[in-house]
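These notes are about the structure you will find just below.
The values are calculated or read from the model by the stated rules, or taken from the named source; none is laboratory data. Only a predicted model underlies this, so the values are computations on that prediction, with no experimental measurement involved. Here the Cβ is made from the backbone with ideal geometry for all residues, glycine too, and neighbour counts use every protein chain on show. In case anyone asks, the SASA skips ligands and DNA or RNA and just uses the protein heavy atoms, side chains included. Shrake-Rupley method; radii C 1.70, N 1.55, O 1.52, S 1.80 Å.
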Amino acid sequence: MKICNLVTNSLKKDPRVIKQIKIALENKFDVDFIGMMDENYDKEFLDSVGCTYTLINTKQFFGDCALNVWDKLKRRYLGAKMMYDRILESRPDVIHANDFDTLPSAYLAAKKLECAVVYDSHEIFAENIGIADKKLVKKLIIVAERYMIRRVDRVISVSHAAAKYLGNKYGIEEPRVITNCPYMVGVGSKKSKDEFEVLYHGWITRGRGYEEFVEAASLLGENEITFAIRGYGNILEKLVAIARAKKVTDRVRFYEPVEIAELVPEAATSSVGIVITKPVNLNFRLSVSNKLFEYLHAGLPVIMSDIDEHRYLNEKYHFGIILHDVTPKAIAEAAEKLYADSELYNDLKANAVKAADELCWQNEGLKLLEIYREAEKSNG
């Protein structure tokens, strides 16, 4: 079976799509990857993936200069058209469309080729930051998504909360959930630091509680708890400034980002993971961050914000503490509770390891391959 995997990036920083391709290749599927040229382009990395690939480059027509609204629309249309043409050349059995921005190309190409489409909704696209407040754009996306999602062969989602929402919103069978967990590589907990370190890693941006996390360090008592942030993003300098203003530079560390494959091993040297995405919009409320699963694979108890999927997973596996509010006080109290209560800490840690045994890509990826087979069969 030939899979045509679509995404609007250059793959290197997209762990979900990398895993999709890897599990398909491991199980003798033929994979053709079609993406978009971006700042993370790395030819050596792409060559190492093992599938055929094409990166569409619309910058050759528009350059890197700031674009007006009309040029942005033309650029999106041109990118979608080039992706559509490349799918036709590929002639796959199944098109895997990652997120809404690849769905129109996939849907139209599938009609032409009479092949199957699997729509992988990584997020509630119309509720994303930068779209939700643009009423006309949001409405057009919802109308288009409603039309196409009812006509593709299979729909999958990254969380149970998002799957339920999509099912109700568009009147479709509830999408299957394929969580965005890592491959199990047997890292476990390899804590090597002497202090009790609470780690927050990933994309450092607003709406994810990073500011409150840094401020919480000023509320810690006389203990060996330290906070750490690893990653990159548009508010990193702001966080460094907060640490200085709060005089906690000795208790808050900023680590350089690492490659995706190193996230779990590096996390395993910490004591606790934290993921405090705030429900600032519907997309954030229904999503689940990759880092939660990475912490589990590192063998870490997790401090979490109170959003739907965090509650669902913690009620099932009991690996962490849910914060009722993302405030510096609540964060500091949760960290101190895990530090002081060794029995609770060890119980949650053991449960994290057990959860990782189930929530691994070796399991989730096989579900995806079965969905490919179902989609091809239903289309035939």
(request) Return the FRET efficiency for the residue pair K238, E370: r is the Cβ-Cβ distance, R0 is 41 Å, and the value is rounded to the nearest 0.05. (result) 0.40
(message) Between N40 and D133, what is the label-point separation in nm under the 7 Å Cα-to-beta-carbon projection?
(response) 2.5 nm
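Using a 1.4 Å probe on the protein chains only, how many percent of the accessible area of the chain belongs to carbon and sulfur? Mind dumping the intermediate values first?
Values: 8850 of 17540 Å².
For the chain, the apolar C and S fraction of the accessible surface comes to 50 percent.
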(message) List residues of segment 141-162, by number, whose backbone nitrogen lies under 20 Å from a label position 7 Å along Cα→C-beta of S378.
(response) 144-162
(message) Taking θ = phi - 60°, what integer Hz values does the Karplus form 6.51 cos²θ - 1.76 cosθ + 1.60 yield along segment 177-186, in sequence order, with x for Gly and Pro?
(response) 9, 10, 5, 9, 8, x, 5, 6, 10, x
(request) First measure r as the distance between the Cβ atoms of Q60 and V143, then evaluate 1/(1 + (r/R0)^6) with R0 = 35 Å and state the FRET efficiency to the nearest 0.05. (result) 0.65
(request) State the dimensionless ratio Rg/Rh of segment 116-204 (Rg: radius of gyration of Cα atoms; Rh: Kirkwood radius). (result) 1.15
(message) In whole Å, what are the extents of segment 236-367 along the principal axes defined by its C-alpha atoms, from largest to smallest?
(response) 48, 33, 33
(message) With an 8 Å Cα cut-off and a minimum separation of 6 or more residues, compute the relative contact order for segment 256-348 in percent.
(response) 24 percent
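For segment 1-58, how big is Rg over Rh, using alpha carbon atoms and the Kirkwood form of Rh?
Details: Rg = 10.6 Å, Rh = 11.3 Å.
When Rh is taken as the Kirkwood radius, the ratio is 0.93.
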(message) In whole Hz and in residue order, list the ³J(HN,Hα) couplings for segment 216-224 that follow from phi through the Karplus curve 6.51 cos²θ - 1.76 cosθ + 1.60, θ = phi - 60°; x for Gly and Pro.
(response) 4, 4, 6, 9, 6, x, 7, 8, 9
(message) In Å and on Cα atoms, what radius of gyration and Dmax does segment 134-283 show?
(response) 19.8, 60
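Given axes a ≥ b ≥ c from the Cα gyration tensor, I'd like to know whether segment 234-299 is rounded (a/c under 1.5), prolate (a/b larger than b/c) or oblate. It would help to have the intermediate numbers written out before the result.
On the way: a/c = 2.01, a/b = 1.15, b/c = 1.75.
Oblate.
Give me the 1.4 Å probe accessible area per residue for segment 270-315, excluding ligands and nucleic acids, in Å².
On the way: 1020 Å² over 46 residues.
Per residue, segment 270-315 has an accessible area of 22 Å².
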(message) With +1 on the Cβ of every Lys and Arg and -1 on the Cβ of every Asp and Glu, and nothing else charged, how large is the dipole of the chain about its Cα centre, in debye rounded to the nearest 20?
(response) 1380 debye
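Taking a probe of 1.4 Å, how large is the accessible area per residue of segment 1-122, in Å²?
Numbers: 5760 Å² over 122 residues.
On a per-residue basis, segment 1-122 sits at 47 Å².
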(message) Using amide H atoms built in the peptide plane, which far-off residues or other-chain residues are under 5 Å from H96 H to H?
(response) C4, N5, L6, V118
(message) If I model a spin label at N346 and K2 as a point 7 Å from the Cα along the Cα→Cβ vector, what separation in nanometres do I get?
(response) 5.7 nm
(request) Among the lysines, select those whose C-alpha is under 24 Å from the C-alpha of K247, and discard any that sit fewer than 8 residues away in the same chain. (result) K193, K238, K329, K337
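What FRET efficiency, computed as 1/(1 + (r/R0)^6) with R0 = 56 Å and r the Cβ-Cβ distance, is obtained for E222 and L78, rounded to the nearest 0.05?
Values: r = 60 Å, r/R0 = 1.08.
Result of the calculation: an efficiency of 0.40.
I want the antiparallel fraction of DSSP beta bridges within the chain, as a percent rounded to 5. Walk me through the numbers before you get to the answer.
On the way: 0 of 46 bridges.
Around 0 percent of the beta bridges assigned by DSSP in the chain are antiparallel ones.
Could you work out the helix-only [θ] at 222 nm for the chain, with each DSSP H run of four or more residues adding -39,500 (n - 2.57) and the total divided by the number of residues, to the nearest 500 deg cm²/dmol?
On the way: 16 runs with 176 residues, N = 380.
When only DSSP H runs of four or more count, the value is -14000 deg cm²/dmol.
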(message) For a quick check: with amide H placed at 1.01 Å from N, whose amide H comes under 5 Å from R253's, ignoring anything fewer than 5 positions away on the same chain?
(response) F227, A228, I229
(message) Longer than 21 Å from Cα to Cα, which of K28/K377; K111/K164; K12/K43; K59/K134; K13/K367 are they? Say none if no pair is.
(response) K111/K164; K59/K134; K13/K367
(request) Taking amide H positions as placed in the peptide plane 1.01 Å from N, state which residues far from I303 in sequence (5 or more) or on other chains have amide H under 5 Å from it. (result) G273, I274, V275, I321
(request) List, in order, the whole-Hz ³J(HN,Hα) value for each residue of segment 50-55 obtained from phi through the Karplus relation with A = 6.51, B = -1.76, C = 1.60 and θ = phi - 60°; use x for Gly and Pro. (result) x, 10, 6, 8, 9, 10
(message) Suppose the Debye formula is applied to equal point scatterers at every Cα of the chain; what is log10 I(q)/I(0) at q = 0.08, 0.12 Å⁻¹?
(response) -0.43, -0.96
